[in-house]
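Q: Just dropping this structure here.
The values are calculated or read from the model by the stated rules, or taken from the named source; none is laboratory data. Given the structure is predicted, the values throughout are model-derived calculations rather than measurements. All Cβ positions, even for glycine, are placed from backbone atoms using ideal geometry, and neighbour counts span all protein chains on display. Just so you know, the surface numbers come from the protein's heavy atoms only, side chains and all, with ligands and any DNA or RNA stripped out. Shrake-Rupley method; radii C 1.70, N 1.55, O 1.52, S 1.80 Å.
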Amino acid sequence: MKQFIVFLFFIQICNLHYAQQSKVLNAYVTKLNSVKDYSVNAKIVAAVPMIKIKEVNAIIYFKQKDKFKIETKGIAVLPKQGFLDLNKFLATPSKYMAIESAGKEISGVQTTMVTVIPIDESTDVILAKLWIDSKRNIIMTSQLTTKSSGMLTTTYAYADQIPFGLPSSLVFEIDVKKFKMPKSVAANIHQTNKSTNNNKDQKGKITVYLTGYKVNKGLSDSIFK
Amino acid sequence: MMFFKNTYNEFIKIAAKPRSYIGLIALSVLIAVIIFAMKADGSTYISFVTASFEQTLSFSGDIMNGNLIAFIILQMLIVHIPLLVALVTGDLISGEANMGTIRMLASKPISRSQIVLSKFTAGALYTLLLTIWLGFLSLYVARWIFGTGDLMVLTSDGLIIHPESDIEWRYIYGFLTAYLSLLTVSTLSICLSAFAENSIGPIVSTMAIIILFTIIGTMDVTVFDTIKPYLFTTHMAAWRSYFEDPVPWDAINESIRILIYHNVILVAIALFQFNRKDITS
Amino acid sequence: MQNTPIIEVNSISKTFGSFEAVKDVSFQVNQGDVFGFLGPNGAGKSTTIRCLLSLIRPNTGQIKLFGKTFTSNRAMILSKIGSIIEKPDFYKYLSAQKNLEIFARISGAQVSKKQIYEMLEFVGLSGREKHRVKGFSHGMKQRLGIAQTLLHKPDLIILDEPTTGLDPQGIIEIRNLILRLKTEQNKTILLSSHQLSEIELIANRMVIINKGKTLVEGTVSELLNQQEVLIVLDVDSADKAMALIKDRFPSSFPELNVRGQIELTLRKNQTASLNRELNKAEIAVSALEPKRKLEDFFIKIIGS
């Protein structure tokens, strides 16, 4: 039994060593880094329990290394760990270990699953799982677990920006935990029955449709101010 | 004709009374205080509202805008404005009895019903003026200071975010319904005023009734459940319903109906009382 | 025309709870009368006047003004009446002019600003038009009350205690004003007052009420002439005079007072014959003073 455990540990160490040089992830990161800047029109559709919001149009700006801005005319709801966090985390391979394994089939594409574990304990990310289409070097699904916000699953769809690895839509699935309404604020005269607030965790979904990418056009820094 | 002439008289009297301006000044000061507080520390208020969601979600865009400020002001002040209304309207009949002018008025060739109705009309106009002033300060001044934008409202069903383009009509209907609530307060105080011969009695009685009904309305006791829907105070927050999604039209219509019934009944009581009253003051 | 009744009050009564303010009051005021409405405090004068102005509804009895009842003619009747009830009260926070404008607007007549200025001048308040009533003295308010009463040129003027609280000068001013209204404008005036001398000086007819009941009604001259007067007699020989009076005027109950004067009661028309008899008996009369006037009559009536 002891021998078996030692064997498993050995295998694991070997795997980790191999994963740190994950070709699949490296190829993706290389592709990611080829995008110096972009702007894109976004349509944000949120279906989150206890939040009613109509679809919102926005313009998203990004510039290497970590400049990011969402310009909305009104109020938009997005996952707390949204667009940038995963890419920002992946952009520095020295800060994590990556383990490749066989992934599942997503939208008819066989993926490779890459499990990313941070080396630096100070980072907010606990674990990231990526299902990558190794042929096109694009993420099909990601699952990011952070200390502050729990788990966020993102499903990607692509159109004409595949060469840059930029998606045409993102579907964020979030855990909505026990929203508590302050009673004084939420007093409702027409609510004759007791509040039906669900205290159980529920799933929320935020879909962002991205169109009209303008990639590497040299965005000015002033946009991000 | 005599009715219009006396209504004009009533408005001159209201305009000349210093107490009529207390409401407008108090409203201005209260709104200025709220605007100042929100300008200085609005983010704390916002995080109080969004705290439950902030662990997993982030809100982008300008939440603290004029539309939200107007909503906050309305929510905070709708409880206190009845006092400002009653301060003027509670004095309309009893004040004349107190001053002795009622016998001068009632010995003129104008019917007592016309006297009472013109007082109700003047009271309604004053209440309208107060509501318009409230609307102007809370909506237009707040928008001028904070800018405009989508409106985030917290209801018992959760957060509702109304796009900017979908707000104006809600505020118009909201203010109209709030006006109907305040009109009920005005009508109640004038009705009580028909029974009294001093100024302070109807004002205090109006507030006492509002406080009593509000307490009954908020107590979670089944014995009051049957009367709660018929208390006008239950429907004083009906303006908020326009900010729900979907708008509960049936409930709003019910609130409007009950408020109108109150107004009609209170006017009828005042007419009956004032017509049968011997003027001995 | 002079006997056209303007006010007809027939047996009205009014109770407030268990208190009977007016039990049985009847009188009639004719066109052109200055009608004195007399009675002690609490007699029911103000209640009766309030009934005349539809401020109070009598429980029983009937009131007709200009030949009509209030039932369907209230506005018409009140448009012809100008009144001050007790003291004139105004909107203190408004100016004299604004107050008059307010009452003029609902008086049933078209009253111009010029007329308001003229009326203020008539009552001696010109120059105070824009002043708030708050700062007016009682006399000024009383005069403003008169202005308010006359503004719409009423046919009937009802003045309830119009000189209460006024200084002697003010009382004379109001009295002269009432006389001018009668002589120059031939107004019908109902004047309630406890200044009995005033009624005697101004009124041509009067009614006295007490404890809510009419005691007597008639012309002032008739009522006063009918009545006995108290004569105070100062003579050189009191004993001789006493004997003569007891003989000739046995029901006059002569008495000597502390100053040695003889006091006796006579009918007013007997005064001259008393003087004649004393002269005939060669008793020197240094003073013959009829003391009993309306006050005494009033007290006697009330006392009875």
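Q: For a quick check of your reading of the model, give me the residue pairs whose first member lies in the range C:268-279 and is within 14 Å of C:Leu244 (Cα to Cα), whose second is assigned to a helix (DSSP H, G or I) and of a type in the set (Lys, Arg), with beta-carbon atoms closer than 7 Å and at least 6 apart or on different chains.
A: Short answer, once both residue conditions are applied: C:Glu277/C:Arg248.
Q: A further question on this structure: Name the residue that is least open to solvent (accessible area, probe 1.4 Å), counting only residues in the range C:28-62 that are polar (S, T, N, Q) and in a loop (DSSP other than H, G, I, E, B). Don't jump to the end; show me each part of the working.
A: Within the range C:28-62, the first condition is being polar (S, T, N, Q), and the residues that meet it are C:28, C:30-31, C:41, C:46-48, C:54, C:59-60, C:62.
Subsequent filtering for residues that are in a loop (DSSP other than H, G, I, E, B) retains C:31, C:41, C:54, C:59.
On the way: C:Gln31: 49, C:Asn41: 134, C:Ser54: 17, C:Asn59: 86 Å².
In this case the residue turns out to be C:Ser54.
Q: Being part of a loop (DSSP other than H, G, I, E, B) and either of a type in the set (Lys, Arg) or open to solvent by less than 40 Å² (accessible area, probe 1.4 Å) (or both) is the filter here; which residues of the range B:38-60 pass it? Steps first, please.
A: Step one: filter the range B:38-60 for residues part of a loop (DSSP other than H, G, I, E, B), giving B:51-56.
Within the range B:38-60, B:Ser52, B:Phe53, B:Thr56 qualify.
Q: If I ask for residues that are under 24 Å from the mean Cα position of the chain (by Cα) and within 15 Å of B:Leu105 (Cα to Cα), which ones from the range C:52-79 would you list?
A: The answer is C:Leu52, C:Leu53, C:Ser54, C:Leu55, C:Ile56, C:Ile77, C:Leu78, C:Ser79.
Q: Another one. Give the residue that is farthest from the other protein chains (Cβ to nearest Cβ), with candidates limited to residues of the range B:215-236 that are outside any helix (DSSP H, G or I) and open to solvent by less than 30 Å² (accessible area, probe 1.4 Å).
A: The selected residue is B:Leu231.
Q: Check off (1) closer than 29 Å to A:Ala46 by Cα; (2) without any contact (Cβ under 8 Å) to a residue 12 or more places away in the chain for B:Met1 and give me the number that stays unchecked.
A: Among (1) closer than 29 Å to A:Ala46 by Cα; (2) without any contact (Cβ under 8 Å) to a residue 12 or more places away in the chain, the lone unmet condition for B:Met1 is (1).
Q: Hey, could you check the range A:47-58 for residues that are within 11 Å of chain B (Cβ to nearest Cβ) and open to solvent by 20 Å² or more (accessible area, probe 1.4 Å) and say which is farthest from B:Phe243 (Cα to Cα)?
A: To start, the set of residues in the range A:47-58 that are within 11 Å of chain B (Cβ to nearest Cβ) comprises A:48-58.
Filter again for open to solvent by 20 Å² or more (accessible area, probe 1.4 Å), leaving A:49-50, A:52-55, A:57.
Working: A:Pro49: 18, A:Met50: 15, A:Lys52: 11, A:Ile53: 12, A:Lys54: 14, A:Glu55: 17, A:Asn57: 22 Å.
Looking at residues that are within 11 Å of chain B (Cβ to nearest Cβ) and open to solvent by 20 Å² or more (accessible area, probe 1.4 Å), I get A:Asn57.
Q: Taking C:Ala109 as the residue in question, decide whether it is of a type in the set (A, V, I, L, M), facing chain B (nearest Cβ under 10 Å), on the phi < 0 side of the Ramachandran plot and not in a helix (DSSP H, G or I). Spell out how you get there, then give the answer.
A: Details: of a type in the set (A, V, I, L, M): yes; facing chain B (nearest Cβ under 10 Å): yes; on the phi < 0 side of the Ramachandran plot: yes; not in a helix (DSSP H, G or I): yes.
When the stated conditions are applied, C:Ala109 passes them.
Q: Taking the range C:109-129 as the region of interest, how many residues are in contact with a strand residue (DSSP E or B) (Cβ under 9 Å, 6 or more places away or on another chain) and either buried (at least 18 other Cβ atoms within 10 Å of the Cβ) or at pLDDT 90 or above (or both)? Outline the logic, then answer.
A: Going through the range C:109-129, the residues in contact with a strand residue (DSSP E or B) (Cβ under 9 Å, 6 or more places away or on another chain) turn out to be C:128-129.
Okay, now just the ones that are also either buried (at least 18 other Cβ atoms within 10 Å of the Cβ) or at pLDDT 90 or above (or both), so C:128.
Summing the residues that are in contact with a strand residue (DSSP E or B) (Cβ under 9 Å, 6 or more places away or on another chain) and either buried (at least 18 other Cβ atoms within 10 Å of the Cβ) or at pLDDT 90 or above (or both) in the range C:109-129 gives 1.
Q: Here's something else I'd like to know. Suppose we filter A:Leu144, A:Leu166 for residues that are away from chain B (no Cβ under 14 Å) and either open to solvent by less than 40 Å² (accessible area, probe 1.4 Å) or not in a helix (DSSP H, G or I) (or both); which single one remains?
A: Testing whether each residue is away from chain B (no Cβ under 14 Å) and either open to solvent by less than 40 Å² (accessible area, probe 1.4 Å) or not in a helix (DSSP H, G or I) (or both) leaves just A:Leu166.
Q: May I pose another question? Of the numbered conditions (1) surrounded by fewer than 23 Cβ atoms within 10 Å (Cβ to Cβ); (2) within 25 Å of B:Ala270 (Cα to Cα); (3) not basic (Lys, Arg), B:Ile132 fails exactly one; give the number of that condition.
A: Result: B:Ile132 passes all but (2).
Q: Still on this structure: Are any residues in the range B:240-257 facing another protein chain (nearest Cβ under 10 Å) and either in contact with a helix residue (DSSP H, G or I) (Cβ under 6 Å, 6 or more places away or on another chain) or not in a loop (DSSP other than H, G, I, E, B) (or both), and if so, which ones? Reasoning before the result, please.
A: Of all residues in the range B:240-257, those facing another protein chain (nearest Cβ under 10 Å) come to B:240-241, B:244-246, B:248, B:250-252, B:254-255.
Selection gives B:Arg240, B:Ser241, B:Pro248, B:Asp250, B:Ala251, B:Ile252, B:Glu254, B:Ser255.
To keep it simple, each residue is scored yes or no on (1) surrounded by 19 or more Cβ atoms within 10 Å (Cβ to Cβ); (2) of a type outside the set (Ser, Thr, Tyr); (3) more than 18 Å from the chain's Cα centre (by Cα).
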position: A:Lys63; (1), (2), (3): yes, yes, no
position: A:Lys69; (1), (2), (3): no, yes, no
position: A:Pro79; (1), (2), (3): yes, yes, no
position: A:Glu100; (1), (2), (3): yes, yes, yes
position: A:Ser122; (1), (2), (3): no, no, yes
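Q: Take the conditions in contact (Cβ under 8 Å) with a residue 12 or more places away in the chain, within 14 Å of chain A (Cβ to nearest Cβ) and open to solvent by 10 Å² or more (accessible area, probe 1.4 Å) and apply them to B:Phe146. Does it pass? Spell out how you get there, then give the answer.
A: On the way: in contact (Cβ under 8 Å) with a residue 12 or more places away in the chain: yes; within 14 Å of chain A (Cβ to nearest Cβ): yes; open to solvent by 10 Å² or more (accessible area, probe 1.4 Å): yes.
When the stated conditions are applied, B:Phe146 passes them.
Q: Follow-up question, since we're still on this one. Given the conditions (1) open to solvent by less than 40 Å² (accessible area, probe 1.4 Å); (2) small (Gly, Ala, Ser); (3) within 14 Å of chain B (Cβ to nearest Cβ), and given that C:Gly139 satisfies all but one, which numbered condition is not satisfied?
A: (3) is the only condition that C:Gly139 fails.
Q: Anything in the range C:36-85 that is more than 10 Å from chain B (Cβ to nearest Cβ) and of a type in the set (Gly, Ala, Ser)? List them, or say none.
A: Within the range C:36-85, C:Gly36, C:Gly39, C:Gly42, C:Ala43, C:Gly44, C:Gly61, C:Gly67, C:Ser72 meet the criteria.
Q: Considering only residues that are more than 13 Å from B:Ala106 (Cα to Cα) and either open to solvent by 20 Å² or more (accessible area, probe 1.4 Å) or β-branched (Val, Ile, Thr) (or both), which ones fall in the range C:81-94?
A: C:Glu86, C:Lys87, C:Lys92, C:Tyr93
Q: Okay, moving on. So which of B:Ala251, B:Ala268 ends up being at pLDDT 90 or above and either open to solvent by 30 Å² or more (accessible area, probe 1.4 Å) or among the hydroxyl-bearing types (Ser, Thr, Tyr) (or both)?
A: Being at pLDDT 90 or above and either open to solvent by 30 Å² or more (accessible area, probe 1.4 Å) or among the hydroxyl-bearing types (Ser, Thr, Tyr) (or both) holds for just one of B:Ala251, B:Ala268, which is B:Ala268.
Q: Output the residue which, of all residues in the range B:1-28 that are open to solvent by 80 Å² or more (accessible area, probe 1.4 Å) and among the β-branched types (Val, Ile, Thr), is farthest from the other protein chains (Cβ to nearest Cβ). If you could, list the steps in order and put the result at the bottom.
A: Keep residues of the range B:1-28 that are open to solvent by 80 Å² or more (accessible area, probe 1.4 Å), which gives B:1, B:4, B:8, B:18, B:21-22, B:25.
Still in the running and among the β-branched types (Val, Ile, Thr): B:22, B:25.
On the way: B:Ile22: 14, B:Ile25: 17 Å.
Taking the candidates together, the pick is B:Ile25.
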